[in-house]
Amino acid sequence: MRALALLLLAFPAIAASEAAETQAALDRISAQSMRGHLSFLASDLLEGRASPSRGLDIAAEYIAAQFRGIGLEEAGDDGYFQTAKMATQEQSKQGWRVTMQFHGKELALNDEDVAGNAGKAVKLSFIPVFKVMKDGDITPDLENAAVVMDTTSKSLLRKVRAAKPAAIVTILSRKRRFPARLTEAGSERSALVQVYVRNDEWSEMYAALPAGRTEAKLSLGAPGPVETPALLRNVVGVLRGSDPVLRDTYIFLTAHYDHIGVKPDGDGDRIYNGANDDGSGTVSVMEIAAALASMEHRPKRSIVFMTVFGEEKGLIGSQYYGKHPIFPFAKTVANLNLEQLGRTDDLAGAQVGVVSVTGFNYSDLGKTLFDAGEKTGIRIREDEKRSDDFFDRSDNLSFAEQGIPAHTIGVAFEFPDYHEVGDEWRKIDYTNMAKVDRMIATALLMIANSAVAPKWNAELEKTAPYRKAIHP
């Protein structure tokens, strides 16, 4: 009775019978059901669900089968599939040469100490070098320069790329492997060369460089990649809304269903199963869809359930949707993206009954999630150190860039076995995940049944790029 009373507080405009129906739907969210789904999606059979791979294709078919059984409306160009014609670019490991000159000293490296990616064969000679520190300024004029850095921060790398340098050279303490790059077929190939260097002398020269523009010069020769066509798929289904007007507006619940595949060599277990990252988000999308589709009285707005490929390749699947939307962005009001919901053993401490939201204060969706958490017994928190930093590291960014209030919901930002072979389905806290999913489903219904669409926080400077995007 207490749960029903709280639900009536959450949805004051609905009758007691509808509140009871909503509570029954939330109660359908089952830890055991998600255990069954995830034990398959994160099994060795699917070999880590790399984009592209046969395992990823099997996962897509499985998700589509669940959407079909739930009764979601097909939304793709091929049933539940939004098909994307892509190409993999396998970079040659031979033919690399990178040379840096500074204060009369020259250091040249070749294939043994270098790994990299280039959209096409490139030869650069004696271009200026700009050293970027993790918290330093980035000049907007880097078009004919090489950026050198010693961090793999995705957010910093994105800022550097936006400045359009000729090359990015990252100094690492250990060797880094470049997986095949994934790009849209027919798209223009970038001349940007991204290189990882592992060499003690280079590390010493890098340390001697001042921050910002330096007197160093860099020369670089990079071979072109070998391209192979690939067909990948986002999986999309719709729970159509009931209001004559609001049914043509959309809320997205998303997760990425890919992971990073199989280790190329080594003994023992070599499969990156990706149970928490992001099998947990994928099965949560399916479970919440099944729960809300069981309701006779549908929410007012339409809810789109989408799992995307290629997040691990750089948000490729959600970025593809951003370029090829199925539903008008002008009619899309919000995106809740799910990442790493299953593990509670965050490196910062146990996270039972606790959820983190990236960019918590960026929009009023943080308040909606907080209210939903109060109704369902889940504490919604802003991680002061990681909330903002992680905002642009998952698929919510692809919606935010279109001006749509969008956040990622997670339980553990960082956990043991992240991107390791030990991220397996048996380590998931399914009971906690089911409770979290009931909170997310409640938040979805609150958004879907409100006549007022979510809004960005106009007082926060960090939201300016998203408020200036094309979405009204």
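For residues in the range 308-364 being assigned to a loop (DSSP other than H, G, I, E, B) and of a type in the set (A, V, I, L, M), which is farthest from the chain's Cα centre (by Cα)?
VAL352
Residue-by-condition table, conditions (1) surrounded by fewer than 16 Cβ atoms within 10 Å (Cβ to Cβ); (2) within 20 Å of VAL238 (Cβ to Cβ); (3) modelled with pLDDT of 95 or more:
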{"residue": "ASP27", "(1), (2), (3)": "yes, no, yes"}
{"residue": "LEU41", "(1), (2), (3)": "no, no, yes"}
{"residue": "ALA60", "(1), (2), (3)": "no, yes, yes"}
{"residue": "ILE63", "(1), (2), (3)": "no, yes, yes"}
{"residue": "ARG68", "(1), (2), (3)": "yes, yes, yes"}
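Hey, among the residues in the range 70-87 that are touching a helix residue (DSSP H, G or I) at 6+ places or on another chain (Cβ under 8 Å) and assigned to a loop (DSSP other than H, G, I, E, B), which one's surrounded by the fewest Cβ atoms within 10 Å (Cβ to Cβ)?
Only one residue tops the list, namely GLY71.
Please list, ordered by first then second residue, the pairs with beta carbon atoms under 7 Å, 6 or more apart or interchain, first in the range 404-425 and under 22 Å from TYR321 (Cα atoms), second basic (Lys, Arg) and in a loop (DSSP other than H, G, I, E, B).
Here the result reads PRO405/LYS455, each pair linking the range 404-425 to a residue that is basic (Lys, Arg) and in a loop (DSSP other than H, G, I, E, B).
Scanning for something under 20 Å from MET205 (Cα atoms), assigned by TED's automatic domain parsing to the domain that holds ARG189, more than 25 Å from the chain's Cα centre (by Cα) and assigned to a loop (DSSP other than H, G, I, E, B), does the range 152-162 turn up at least one residue?
no
Output yes when any residue across the range 47-56 is assigned to a strand (DSSP E or B) and not basic (Lys, Arg), and no when none is.
no
Say we look at the range 179-191 and pick out the residues that are of a type outside the set (D, E, K, R) and crowded, with 17+ Cβ neighbours inside 10 Å; which of these is modelled with the lowest pLDDT?
The extreme case among them is ALA180.
Spot the failing condition for ASP258; the list is (1) surrounded by fewer than 22 Cβ atoms within 10 Å (Cβ to Cβ); (2) assigned to a loop (DSSP other than H, G, I, E, B); (3) outside the structural domain of VAL98 (by TED's automatic domain parsing), and only one is missed.
(1)
With respect to LYS123, determine if the residue is in contact (Cβ under 8 Å) with a residue 60 or more places away in the chain, among the basic types (Lys, Arg) and within 13 Å of SER219 (Cα to Cα).
yes
Which condition does LYS134 not pass, out of (1) without any contact (Cβ under 8 Å) to a residue 60 or more places away in the chain; (2) surrounded by 11 or more Cβ atoms within 10 Å (Cβ to Cβ); (3) farther than 30 Å from GLU227 by Cβ; (4) not acidic (Asp, Glu), if it passes all the others?
(2)
The values are calculated or read from the model by the stated rules, or taken from the named source; none is laboratory data. Just so we're clear, the structure is a prediction, and the values are computed from it rather than from any experiment. Heads up, the Cβs are rebuilt from the backbone with ideal geometry, glycines too, and the neighbour counts pull from every protein chain shown.
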